[in-house]
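Below is one structure; the comments refer to it alone.
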Ligand SMILES: Cc1cc2nc3c(=O)[nH]c(=O)nc-3n(C[C@H](O)[C@H](O)[C@H](O)COP(=O)(O)O)c2cc1C
């Protein structure tokens, strides 16, 4: 048993006031992500994606943010994976960024939908050959008999497509989470953290508020 009851850290770097809120959450997210990128954090664009089955059994994993704008946040994956199956049956999802060096967390919730095949093609073309072959070789989330089975499949595909110019498999592509809710968390001293949220209201207006820490 590991006992962590005496491990604690005070958060002192910054605060988040209502005066710091932007018109929509996208501008504030953009500001925070840029700061995270400029701070040379390890993969600040890695985010936890939570999905759930229709009866509410939740699952979470890290995926990489690849594009973000007012339409939403895009990541790429296998549509037949566990997350892909869950999104198909229940499109509600949640994304989470945690940037410990900045004492910041961002929570985003909304509906997830596939991007268009041509958008997925555009990104697939930009990927290095190894990544393209890897994506095509892996039946993500399926049980493998052993590692060799995967490596054999990769070798087979490299023999067929020596420069990695493999077409995008139909079951691999992007999803966009279209946000309806954002929460920006800034750690403060004595656990009195700042939590400011945006909720998308009727007519597309973002309402804001503060939550107790
Ligand atoms: C840093 C990091 C980045 C990852 N990026 C992706 C990604 O962009 N897309 C993806 O499908 N899996 C990515 N993964 C792997 C996923 O966390 C997960 O293992 C995989 O997608 C299968 O998840 P599922 O079985 O829940 O569908 C990443 C893992 C880590 C640790």
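Please treat every number below as a calculation from the coordinates, not as lab data. What you are looking at is a predicted structure, and each value in this text was computed from that prediction instead of being measured. Glycine gets a Cβ as well: all are built from the backbone with ideal geometry, and neighbour counts include every protein chain shown.
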Suppose R0 equals 30 Å; then what is the FRET efficiency for residue 12 and residue 71 from their Cβ-Cβ distance, rounded to the nearest 0.05?
-> 0.25
Given a Förster distance of 22 angstrom, what is the FRET efficiency for residue 121 paired with residue 30, based on the Cβ-Cβ distance and rounded to 0.05?
-> 0.25
Highest GNM mean-square fluctuation, the chain, Cα pairs closer than 10 Å: which of 78, 163, 146?
-> 146
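Just to check, using Stokes-Einstein with a Kirkwood Rh over alpha carbon pairs, what's the diffusion coefficient of the range 142-213 at 37 °C and 0.692 mPa s in µm²/s?
Rounded to a whole number, D works out at 187 µm²/s.
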Expected 222 nm ellipticity per residue - DSSP helices of 4 or more, -39500 (n - 2.57), all of the chain, to 500 = -8000 deg cm²/dmol
Compute the length gained on full extension between residue 53 and residue 88: take 0.36 nm times their separation in residues and subtract their Cα-Cα distance, giving the result in nm to one decimal.
-> 11.7 nm
So what's the Cα pair-distance distribution over the range 18-210, bin width 10 Å, in %?
-> 8, 30, 33, 20, 7, 2
Ranked 157, 144, criterion: other C-beta atoms within 10 Å, fewest first | 144, 157
Starting from 0 in steps of 5 Å, tell me what percent of the Cα-Cα pairs of the range 104-194 lands in each bin.
-> 3, 12, 16, 14, 13, 11, 10, 8, 8, 5, 2, 1
Among rounded, prolate and oblate, which fits the range 1-100 when a ≥ b ≥ c are the square roots of the eigenvalues of its C-alpha gyration tensor, a/c under 1.5 means rounded, and a/b larger than b/c means prolate?
-> oblate
Extension gain, residue 3 back to residue 139 (0.36 nm per residue minus Cα-Cα distance, nm) = 45.1 nm
Note the full-extension length gain between residue 148 and residue 114 as 0.36 nm times their separation in residues minus their Cα-Cα distance, in nm to one decimal.
-> 9.1 nm
Given a Förster distance of 25 Å, the FRET efficiency implied by the Cβ-Cβ spacing of residue 99 and residue 64, rounded to the nearest 0.05, works out to 0.95
